[in-house]
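Below you'll find the structure, written out as structure tokens, and then a few comments.
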Amino acid sequence: MSWNGRIEMPDLPLPDQPAIVVTASRSPETVQSSFAGVTVIHAERIERLGSPLAIDVIRLAPSAAVSESGPTGSQAQLRIRGAEANHSLLFVDGIRANDPAAGNEPRFELLNADLADRITLVRGPQSALWGSEAIGGVVSVDGKPAGTGTTQGQVEAGSHSSWRASLSSAVGTADRGLAFGLAGQGSDGVDAYQGDGERDGYRNLSMRASGRFGISPAFVLGGSAFATAGYSQFDGYDPDTFQRADTLDESRNRIAAGRLYAEYGRRDAGYAALSASLLGSSNRNMLDGSLINKSWADRRSITLESGYRFGKHRFIAALETETEKFHARDENSFGLTNQDRSRRHHSLTAEWRGGSFGPISADVAVRHDQFSRFKDATSLRAAMKVNFTEGMTVIATYGEGIAQPTFFDLYGYFPGFFVGNPSLRPEKSRGWEIAGRVARGHFSAAATYFHQRLKDEIVDSSDFSSTLNANGVSRRHGVEFEANWAPSPLARLSANYSYLDATERKFHSMPATIEQRRPKHSGSISADGEAGRWTYGASLTFVGRHRDRRDSAPYDLVNLQSYWLANARAAYAINETVQLSVRLANMIGNQNQDLVGYRTEGRTIHAGLRFALDR
């Protein structure tokens, strides 16, 4: 039993893993029964590692390449299996959370880890289940569920005048209860340009809430909501020379969303569910206190889903309608680049999951998306699993993914000479993978080979004034190895290694080029445990050499060096109520860069106090 009262849960893919996930299928399933490659990171490991942002935990998963444009709080992009940054679909407490006002990218730099109770990453195309943006995979971040009966808080301070604080609670029961949390953090940061100029800091404030009310054993009403407001400073460009400089640029970002649902029946038998969600976001960019440009958008969706189980088979169908509105203003273009746009789309999803036919089981999903602004798309996923012996499984999967053009792709963005292309088609990916899994007692391992092709990739035109669909094919293939060992509460170990070969071919007549910001070699080792009053966690991440293009003249390609990132945290429980901790980040002290010219933080140290108010 851990200090916070939760029973230890081992990570993927241990055979006794009890975690239930819904992002690898439209129906709940255990991690072990999933056909897709899934990594689940539970509350205890999140707490013991102590990272302030969820993206620092996500980077520990296989094939999860993270690019940060400076110190903590700067823009953070995730590329899963070599896919683009806007090819990852993010759910927060069941709400689709990609930002429609920022190119449909997930805003990982705003995602506070202190409100995360579980982080799930599903690798590979999942558009047959979830639609657009799910080309590389799906990330789900869920908060503490209702009925856990705990009220906890923490405060922490450290290097670069950093601070963080959080408070969360859950009341009632799992069927009739509420859970909510509030968290904030910030830092003065470091100079991201040359290291000796003005510092680039950040701060954010986040909240989340969820609840369920069971009217009867078969009828449940519920909802969830989250909101985050972030502020970050960064170094931009000299307005006269257009070169990188130690400027006073800053960005203010806000996202708020809510979801209500009603469900009748039982998920393991037959059910029907109706849900509605609303998300709003805004982004403001300023220079020395003066507004440069801003964008804001909202997304409204309604989903009707029904499932039925007959014998060994399970069938699920879902209808969804979605409307997005987008607005943009550029203070320097006299209104010439202002945008007020809207679009909508409808979708039909069907999934069949066959029960075991001896050692064989299968899953098929298909989805049709009907778009109002561009060509419709149909996506397919099919998988088969063979259990050779107890604890040894081989899985083969074929999957397709799509990504709709962003509002920026279609209609342009700042500055005014970029006009966009309303004739764009959605990007399409298809590929296959084969995986082998072995589980024996407290040890498990998995190996996966994947191969994907991306067509109709949206790229810049030759004069960078617009966008177009490339007629070449981008290819990504690689291997993933992962292993987990949890012999006792003293230690739980996880390790993974990924190899990626990602190339891009914009046009048939051009040679293939190596994709940028995607290391060929990457991996991580993480561990956590408890001994008496002590709890501890540590991680070591390797990011291999990769390319990036300089974003100012001469716009050349630069090879960025590989680096190691080591973090650790140890905590001591004074009593059942108070726990003291110390956390070290980037212990090696590397001045690593994910992007050309954007320095990240060096070695830092932080001290904290965690308390349980209801113990």
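The values are calculated or read from the model by the stated rules, or taken from the named source; none is laboratory data. Everything quoted here is computed from the prediction, not taken from an experiment. All Cβ positions, even for glycine, are placed from backbone atoms using ideal geometry, and neighbour counts span all protein chains on display.
Yes or no, residue by residue, for (1) within 24 Å of VAL92 (Cβ to Cβ); (2) of a type in the set (Asp, Glu):
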position	(1), (2)
SER295	yes, no
TYR308	no, no
HIS313	no, no
GLU324	yes, yes
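Screening SER275, SER224 for residues that are under 29 Å from GLY186 (Cβ atoms) and polar (S, T, N, Q) leaves exactly one candidate, SER224.
Looking only at region 420-452, filter to residues that are of a type in the set (D, E, K, R) and touching a Phe, Trp or Tyr at 6+ places or on another chain (Cβ under 8 Å); which one of those is nearest to ALA396 (Cα to Cα)? It would help to see each step written out before you state the result.
Filtering region 420-452 for residues of a type in the set (D, E, K, R) gives 425, 427-428, 430, 433, 437, 440.
Filter again for touching a Phe, Trp or Tyr at 6+ places or on another chain (Cβ under 8 Å), leaving 425, 430, 433.
On the way: ARG425: 29, ARG430: 14, GLU433: 6 Å.
The residue in question is GLU433.
Remark: pairs (first residue in region 541-562, among the acidic types (Asp, Glu); second residue surrounded by 14 or more Cβ atoms within 10 Å (Cβ to Cβ) and part of a loop (DSSP other than H, G, I, E, B); Cβ separation under 6 Å; 6+ apart in sequence or on different chains) = ASP548/GLN516; ASP548/ARG517; ASP548/LEU595; ASP548/VAL596; ASP556/ARG550.
Counting only residues that are β-branched (Val, Ile, Thr) and assigned to a strand (DSSP E or B), how many does region 227-265 have? Before you say what the answer is, go through the steps one by one.
Restricting attention to region 227-265, the residues satisfying the condition of being β-branched (Val, Ile, Thr) are 228, 241, 247, 255.
Next cut, assigned to a strand (DSSP E or B) only: 228, 255.
Within region 227-265, residues that are β-branched (Val, Ile, Thr) and assigned to a strand (DSSP E or B) number 2.
Taking the criterion of being at pLDDT below 95, among the acidic types (Asp, Glu) and crowded, with 20+ Cβ neighbours inside 10 Å, would at least one residue in region 305-326 satisfy it? No; the residues of region 305-326 include none that is at pLDDT below 95, among the acidic types (Asp, Glu) and crowded, with 20+ Cβ neighbours inside 10 Å.
Listed by first and then second residue, the pairs linking a residue in region 131-159 that is within 22 Å of GLN185 (Cα to Cα) and of a type in the set (Ser, Thr, Tyr) to a residue that is assigned to a strand (DSSP E or B) and at pLDDT below 95, with Cβ atoms under 6 Å apart and 6 or more places separating them unless they lie on different chains, are SER140/THR120; THR151/SER169. Residue count for region 532-573, restricted to those that are crowded, with 16+ Cβ neighbours inside 10 Å, touching a Leu at 6+ places or on another chain (Cβ under 6 Å) and within 30 Å of PRO239 (Cα to Cα): 3. In region 537-544 there is at least one residue that is in contact with a Gly (Cβ under 7 Å, 6 or more places away or on another chain), in a strand (DSSP E or B) and among the aromatic types (Phe, Trp, Tyr). If I filter region 412-464 down to residues being part of a loop (DSSP other than H, G, I, E, B) and under 22 Å from the mean Cα position of the chain (by Cα), which single residue comes out as farthest from ARG329 (Cα to Cα)? My answer is GLU457. On inspection, GLY236 passes the criterion of being in contact with a Ser or Thr (Cβ under 7 Å, 6 or more places away or on another chain), over 21 Å from SER140 (Cα atoms) and without any contact (Cβ under 8 Å) to a residue 60 or more places away in the chain.
With respect to the stated conditions, GLU109 fails to be surrounded by fewer than 23 Cβ atoms within 10 Å (Cβ to Cβ) and not hydroxyl-bearing (Ser, Thr, Tyr). Within region 578-591, the residues that satisfy the criterion of being of a type in the set (S, T, N, Q) and surrounded by fewer than 20 Cβ atoms within 10 Å (Cβ to Cβ) are ASN586, ASN590, GLN591.
Of all residues in region 388-411, those satisfying the criterion of being part of a loop (DSSP other than H, G, I, E, B) and either in contact with a Gly (Cβ under 6 Å, 6 or more places away or on another chain) or surrounded by 17 or more Cβ atoms within 10 Å (Cβ to Cβ) (or both) are GLN404, PRO405, THR406. At least 3 residues being out of contact with any helix residue (DSSP H, G or I) (no Cβ under 8 Å at 6 or more places or on another chain) is the threshold, and among the helices (runs of 4 or more DSSP H) wholly inside region 32-142 those reaching it are 43-49, 127-130.
Give the residue that is farthest from GLU44 (Cα to Cα), with candidates limited to residues of region 486-496 that are out of contact with any Pro (no Cβ under 8 Å at 6 or more places or on another chain) and either at pLDDT 95 or above or outside any strand (DSSP E or B) (or both).
Going through the qualifying residues, I end up with ALA495.
Of all residues in region 144-191, those that are under 26 Å from the mean Cα position of the chain (by Cα), among the polar types (S, T, N, Q) and either surrounded by fewer than 17 Cβ atoms within 10 Å (Cβ to Cβ) or assigned to a loop (DSSP other than H, G, I, E, B) (or both) total 1. Condition check for PRO519 on (1) farther than 30 Å from ALA43 by Cβ; (2) out of contact with any helix residue (DSSP H, G or I) (no Cβ under 9 Å at 6 or more places or on another chain); (3) not hydrophobic (A, V, I, L, M, F, W, C): one failure, at (1).
If you take the residues in region 252-278 that are under 21 Å from the mean Cα position of the chain (by Cα) and free of Cβ contacts under 8 Å to residues at least 60 places away in the same chain, which one is nearest to GLY311 (Cα to Cα)?
Only one residue fits best here, namely LEU278.
For residues in region 192-223 being among the charged types (D, E, K, R) and within 20 Å of SER169 (Cα to Cα), which is nearest to the chain's Cα centre (by Cα)? Ranking the candidates gives ARG208 first.
Of these, ALA365, ALA447, ALA382, which one is closer than 25 Å to ARG81 by Cβ, among the aliphatic types (A, V, I, L, M) and buried (at least 21 other Cβ atoms within 10 Å of the Cβ)? Lay out the reasoning, then the answer.
Values: ALA447 fails: buried (at least 21 other Cβ atoms within 10 Å of the Cβ); ALA382 fails: buried (at least 21 other Cβ atoms within 10 Å of the Cβ).
Sole residue among the options that is closer than 25 Å to ARG81 by Cβ, among the aliphatic types (A, V, I, L, M) and buried (at least 21 other Cβ atoms within 10 Å of the Cβ): ALA365.
Only one of the numbered conditions (1) of a type outside the set (Phe, Trp, Tyr); (2) buried (at least 16 other Cβ atoms within 10 Å of the Cβ); (3) within 30 Å of ARG299 (Cα to Cα); (4) modelled with pLDDT of 95 or more is not met by ALA377, and that is (4). Only a single item in (1) modelled with pLDDT of 95 or more; (2) farther than 30 Å from PHE242 by Cβ is not met by VAL543, and it is number (2).
Look at region 402-431: where a residue is β-branched (Val, Ile, Thr) and a partner is surrounded by fewer than 19 Cβ atoms within 10 Å (Cβ to Cβ) and part of a loop (DSSP other than H, G, I, E, B), sitting 6+ places away or on another chain with Cβ atoms under 6 Å, you get THR406/GLY103; VAL419/SER466.
Screening PHE334 on (1) surrounded by fewer than 17 Cβ atoms within 10 Å (Cβ to Cβ); (2) touching a strand residue (DSSP E or B) at 6+ places or on another chain (Cβ under 7 Å); (3) not small (Gly, Ala, Ser) shows it passes everything except condition (2).
When region 230-265 is filtered for residues that are at pLDDT 90 or above and more than 28 Å from PHE108 (Cα to Cα), the ones remaining, listed by number, are ALA262, GLU263, TYR264, GLY265.
Residues in region 346-376 that are assigned to a strand (DSSP E or B) and either among the aromatic types (Phe, Trp, Tyr) or in contact (Cβ under 8 Å) with a residue 60 or more places away in the chain (or both): 12 in all.
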